[in-house]
Structure formats: structure tokens, C-alpha cells
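Let me begin by presenting the structure, written as C-alpha cells, before commenting on it.
The values are calculated or read from the model by the stated rules, or taken from the named source; none is laboratory data. Keep in mind that what you see is a predicted model, and the values were worked out from it rather than measured. Backbone-built Cβ (ideal geometry, glycine too); neighbour counts: all protein chains shown.
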Amino acid sequence: MQTVPSSEIQSSKFTQPTNQEVGKKPYTLKIPCKSYIKKYVASLYGSPVKIENRTMLGIFLLAVLDKRTYEKRNFGPNQTNKGIEDTILVEVNNWQFNAIGFDVSAECVMIINDFLEHMFDDSLYVTCFKNSKYKSRKTGYRAIMEGFCKRHGIELELDISYEALKKKEYRYRKQIQKNEEK
């Protein structure tokens, strides 16, 4: 058995990037989503989103990144784009590109969208809960939702209707109440 001197051993593919790699331009990944979700994510993480293991979204995206192989390619029609009219740009740096991957499967796109919808619904619910002065959801409710949309750059009635937003918050609130009763 032949031994290899330690100076000749190549570093693992999971090592930190070298100075030469740091200057390289990142790879941009496009993730289809709804327009109001794109604006919500941009208000929280910027655009393009940089994958960082210090943020909840960054950790989640690192978990779904994959190296695209021939066997994993989806050659059939894409069913994930129904109702999706926009894309989130995600920067994958060189180290992530080489070590972890640079592609997201069609199934993972649906999972990412569900995750982002849940983040949005949760944030909307918390905003309404904290800012509602009365137990009744009628008084000042529209102003709270308009403020939420304004804070995240979402154009009410263009990106999402007030009625749809109200229904999202109501369903999320009822689900939380149902879970608390268990």
C-alpha cells in the first residue's frame, strides 16, 4: 500500500473557499414564485437573495440545493408553474456551487413556495395580532394589512387582493387556534 504525503492530499470539497474562488462571480438561480412572495422575500433578504447559513431562508435553501445529474433532470412538462408569475433570484457562491449544488428540483420548488407562503402567512398573522387594538377584526383591520403590504413593497389589489389577504390571515389564525385546542 502506497502512502501519500500530506502536502499532496487535496482538500475536501466541503472546505471554505480560497482567495482565488472568492473573486469569482456567483451563480444565479431562478426560483419561480408569486409576485407578492417575491416582494416579501426581497424586503427581508434583499434581491438577489444571498444564501447564508445565518438566516432561516438560507439554511432552508442550502438543504434543497442539489447537483443536477442526468438521472435527476425533469424532461416532462413542469406542473409547478401554475399560478406562479414571478421569480426570486438566488445567488449561489462558488463554494456552494461546487460543494453542495446549483439546482433545485421541481418538487423542491413547490416545497420552497410552500415554505415562503407559510413565512408570509405567519408574518401577516403576527402583524395583525400585535397591531389589532380590539378583539374584533373589523376595526382598523384594513389599515393594518395595508401597512404590512407597504412595509414589504406589496401593492394591494395588484399583487394580491385585500380579500385574499384577509382570507389568508383568517385561515392561518383558525389553524393556530385549532392546534392550540389539541
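Can you tell me which residues in the stretch 1-57 are among the hydrophobic types (A, V, I, L, M, F, W, C), modelled with pLDDT under 50 and either in contact with a helix residue (DSSP H, G or I) (Cβ under 7 Å, 6 or more places away or on another chain) or in a loop (DSSP other than H, G, I, E, B) (or both)?
Start the filter on the stretch 1-57 by keeping residues that are among the hydrophobic types (A, V, I, L, M, F, W, C), which leaves 1, 4, 9, 14, 22, 29, 31, 33, 37, 41-42, 44, 49, 51, 56-57.
Applying the additional criterion that residues be modelled with pLDDT under 50 yields 1, 4, 9, 14, 22.
Residues satisfying the conditions are 1, 4, 9, 14.
Of the conditions (1) outside any loop (DSSP other than H, G, I, E, B); (2) in contact with a Ser or Thr (Cβ under 9 Å, 6 or more places away or on another chain), residue 154 satisfies every one except a single condition; which number is it?
Answer for residue 154: the failing condition is (1).
Looking at the stretch 120-143 only, could you name the residues that are at pLDDT below 85 and surrounded by 14 or more Cβ atoms within 10 Å (Cβ to Cβ)?
131, 132, 137, 140, 141
Looking at 117, 163, 107, 71, can you tell me which residue is at pLDDT below 80, outside any loop (DSSP other than H, G, I, E, B) and farther than 18 Å from residue 28 by Cα?
Working: 117 fails: at pLDDT below 80; 163 fails: at pLDDT below 80; 107 fails: at pLDDT below 80.
Exactly one of 117, 163, 107, 71 is at pLDDT below 80, outside any loop (DSSP other than H, G, I, E, B) and farther than 18 Å from residue 28 by Cα, namely 71.
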